[in-house]
Every structure is written in structure tokens, then in C-alpha cells.
Amino acid sequence: GCRGAQGRFAYKLLHDLFANYSSALRPVEDTDRALNVTLQVTLSQIIDMDERNQVLTSYLWVRQAWLDAHLTWDKDDYDGIDSIRIPSSYVWRPDIILYNNADEHFGGSMETNVVLRSDGHIMWDSPAITKSSCKVDVSYFPFDGQRCRLTFGSWTYNGNQIDLRNRLDSGDLTDFVENVEWEVLGMPATRNVITYGCCSEPYPDVTYTLLLRRRASFYIFNLLLPCIMVSFLAPLGFYLPADSGEKVSLGVTVLLALTVFQLLVAESMPPSESVPLIGKYYIATMTMITASTALTIFIMNVHHCGPGARPVPPWAQWLILHHMARLCCVYEVGESCKSPQRALEGQAGRGDAGGPWESPGEGKVGTDAGGCPWDHCLCHHDALLRNVSYIAGCCRRHRANQRRTGEWKRVAKVMDRFFMWVFFLMVFLMSVLVLGNAA
């Protein structure tokens, strides 16, 4: 019986309150005074962050509270009813909207009930899925942080009519559902009073700054580490033997692989002048691989110098075959890395000493061969001597050509080892530089 009586009093209260009430007018007794409206925003979930279109989609609980001077009653006259819940369309509501809304349909809050107290205080809690514009800075992607602002304010009422204030100094994050990509560091709230160019009256607003930091583990394992591992393959192209025919193919393959990674990053980034950190790393690595491929082509040309090539210049022998060979530990069979013996000097010494290919005609004239007198021995016939001298000269030229070709091949080998270590060092320094900037 008591519940039924209270229900009848609730119907009577609703009828009495809204008999002569209009939800179109601002509920103040003195129209010259501003109506105080407090705002509180609870962040429930970050649905999506579209970096390319610079739009943040979030799920918010928006709480607004104000005093309606026309909706008060004595609770003793209505069986002690202190508060009622009625549809929000029954009462006057402040036109608080999200200024930086980026939704094409421009949807507002959900039509939920309001809580009306006997002293005229109204509290309106409404959930809303908002799409707000956010200036995205991807300079340090994927180790970046973003500052997205949510600005709420009245669209038609100025500061002399509605005094909008934030209830708390920051947004409420107690019911926030953790996001797999973004970590929320805070949500401070600030009240601003702005005078726009269209009007002379001040317009207050409440701005919530959402501080976000990207969880970079996904991008490290899927974009950064594969790029680093592929980058370390590029210097190994210098270690491949020149006769294998795969030196240039390896460089081109690595360059194509990095191009695919670069396209994956470019698809998700906004088309702006700000190049992300990982994009700079890709560009630097691709430039390095292009340079290494060009150097490989040059070194292969040096390696395949034919017999018609000129001898190795003295400065190249001193710099490349002596100092750089020691530095890169490049030595021939039988030599030591710590104390290499110059094959060039040994070969030159043996080449100048005559040897078994020396023509008999170039020896001591007048000596006997096996006790045979010069005038009576058939082996010293003039025609035979000319043929033997020709064969010996061909052999000497062939040996000189082989020695010259071997010197150029050794020059190419030393240059291969030198550039391999140089590019290994460059890849290592670039990787450390990227991780250092990320830190």
C-alpha cells in the first residue's frame, strides 16, 4: 500500500511540475544572471586512432549538472519523494557539444533519463561515442606520444548566460578499459574563456587533453626488427665471391624487401611533411644498400680486369695491398694475417731471375751443351733457337698477365672486405641511433 501511494504521489508530482513548464527557456528566475553548469567526462574506451585521417574515436560518459529554478518541490508534500528520473527531453538542457567533432553524421549524446532532485538540481549522465579531430605527430613513430584534445562548450549560450565549469581537474579514468595499442598517461582538464571574432561576448569551454603513448612492441617485432635483420644482410654481399654471380642480386633483393616495409609504413601514416623515425631509418638503409650495390658493381669490374689491363699503380699497392690488407686480414695461402708476405714482391723476384723458361739463346754464348761443340750441335740451329725464344717470351708474357690479373683480383678482395666492415659499422650505428632517439 505504501508503494502504491508513493507511485500515485510520483504521478501527481510529475503532473504538477510540468503543468506550466517549458523546456525551451533557460531555467533561471533572473535572466541577467548566468546559469552554472558543471561538466565531468569519464573515458571508458579508446575505440580507434586513425593516424592517416587524424581522427580519434572514443567512448565517453558525459555528466552535466545544473540547477533548474522552475523544478523544485517540497518533498513532504509528496510522501517524501526526494528525486525522480524522467526523460531528458522533458527538461531544459544546455546545448553542450564537442567543438572538434569529426563525425560526418554529427551525432550527439544518447537520450537517457535525468535525475531531478527536490531542490531543483538536475544531473544528466549520457554515454556518447565521439569522433574528434586530433593533430597527430608521427615524427617518432612507433615510439611516439599523442595529445588529443576534447573541447566541450555551449553552441549558442555565451558566458553571460551559461557559466560552464569542469567538476574535476582531470577526466575520470577509473572505468577505463585498457587499449592494446595506446597507453593513457592522463587526461587533465582546463577551462578556457574565448572571445570569437563573430561575437563580443565571451564563450567558456572545458578542454580535456588526452595524453597517449603508443605501445611499440607490435611495431618493433613486425617492422623494426625485420628491417634491422635485412639491413645486416646488405654488407654480406661484399663477402660473397665475385665469381658466384650473386653479389648484385643480393643487394637488389634486400633493396626490394625494404621497399615493401617502407610502403607498409606509408599506408598507415598521414601524408604530411613529417617523416616518421622508422621511415627515416628505412630511407637511410635503402640509401646505404644502393651505395653498397654500386660499389659492388665497381669492385666486380676491378676483379674481372683482363690480361690487357695495366699494372696496379704503386700507390694502390702501398695503400690497398699493404696497409688495407693488413687492416682487413686479407692474405694469400701460406701467409699470416699478422705478418703477411707480399706475394707481389716474391713473384717479381722470381720473374726477374730467369728460370726454366729462359731462352737458351739468352744464356752465355759459346758454352758447350753436353760437350757438343757450337759449330757441330744441331740444337743450336738458328731456326730452332728462334722458336724456343718465341715460346719462352710467350710464357713470360702469360706469367706476367697472370700476375697482373691476380694483383687486381687481390685489390678487389681487399676492397670487398674493407667495405664490408664499413657498412656493418654503418648499419650498427644507424640502429643504435634509431633506438637512442626512441628512448
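The values are calculated or read from the model by the stated rules, or taken from the named source; none is laboratory data. Bear in mind that the values here come from a model prediction, so they are computed numbers and not experimental data. Ideal geometry is used to build each Cβ from the backbone, glycine not excepted, and the neighbour counts take in all protein chains shown. To get the accessible areas, we keep the full protein, side chains included, count just its heavy atoms, and leave off ligands, DNA and RNA. Shrake-Rupley method; radii C 1.70, N 1.55, O 1.52, S 1.80 Å.
For this structure, a couple of remarks:
- The number of residues in the stretch 270-312 that are open to solvent by less than 30 Å² (accessible area, probe 1.4 Å), farther than 18 Å from PRO235 by Cα and modelled with pLDDT of 75 or more comes to 5.
- When residues of the stretch 237-249 are limited to those that are farther than 11 Å from ILE289 by Cα and assigned to a helix (DSSP H, G or I), the one farthest from the chain's Cα centre (by Cα): ASP243
- The set of residues from the stretch 90-122 being under 16 Å from HIS15 (Cα atoms) and either under 49 Å from the mean Cα position of the chain (by Cα) or among the hydrophobic types (A, V, I, L, M, F, W, C) (or both) comprises VAL91, LEU116.
- The stretch 184-195 - residue that is open to solvent by 60 Å² or more (accessible area, probe 1.4 Å) and part of a strand (DSSP E or B) and, of those, modelled with the lowest pLDDT: ILE194
- The sole residue among PHE106, PHE141, PHE152 that is at pLDDT below 90, buried (at least 16 other Cβ atoms within 10 Å of the Cβ) and either at positive phi or assigned by the TED database to the domain that holds VAL28 (or both) is PHE141.
- Test: SER170 is farther than 21 Å from CYS148 by Cβ and of a type in the set (Gly, Ala, Ser): no
- Qualifying residue in the stretch 123-136 (condition: open to solvent by 60 Å² or more (accessible area, probe 1.4 Å) and more than 35 Å from the chain's Cα centre (by Cα)): yes
- Set ASN166, ASN179, ASN192, ASN158: member being under 20 Å from MET123 (Cβ atoms) and either of a type in the set (Asp, Glu) or touching a residue at least 12 places away in the same chain (Cβ under 8 Å) (or both): ASN166
- Residue check, GLU29 of a type in the set (Asp, Glu), surrounded by 15 or more Cβ atoms within 10 Å (Cβ to Cβ) and more than 21 Å from PRO127 (Cα to Cα): no
- Consider the stretch 42-71 and keep the residues that are open to solvent by less than 70 Å² (accessible area, probe 1.4 Å) and in a loop (DSSP other than H, G, I, E, B). The one that is nearest to LEU164 (Cα to Cα) is ASP68.
- Pairs, first outside the structural domain of SER88 (by the TED database) in the stretch 36-63, second assigned to a strand (DSSP E or B) and open to solvent by 50 Å² or more (accessible area, probe 1.4 Å), C-beta under 8 Å, six or more apart: none
- Candidate set from the stretch 212-225 (those that are of a type outside the set (D, E, K, R) and surrounded by fewer than 15 Cβ atoms within 10 Å (Cβ to Cβ)); member that is farthest from SER249 (Cα to Cα): SER217
- No other residue among GLU104, GLU178, GLU111, GLU183 is among the acidic types (Asp, Glu) and in contact with a Leu (Cβ under 8 Å, 6 or more places away or on another chain) apart from GLU183.
- Residue match in the stretch 264-287 (condition: farther than 20 Å from SER139 by Cβ and in the same structural domain as MET426 (by the TED database)): no
- Qualifying residue in the stretch 228-235 (condition: surrounded by 12 or more Cβ atoms within 10 Å (Cβ to Cβ) and either more than 30 Å from ARG410 (Cα to Cα) or modelled with pLDDT of 85 or more (or both)): yes
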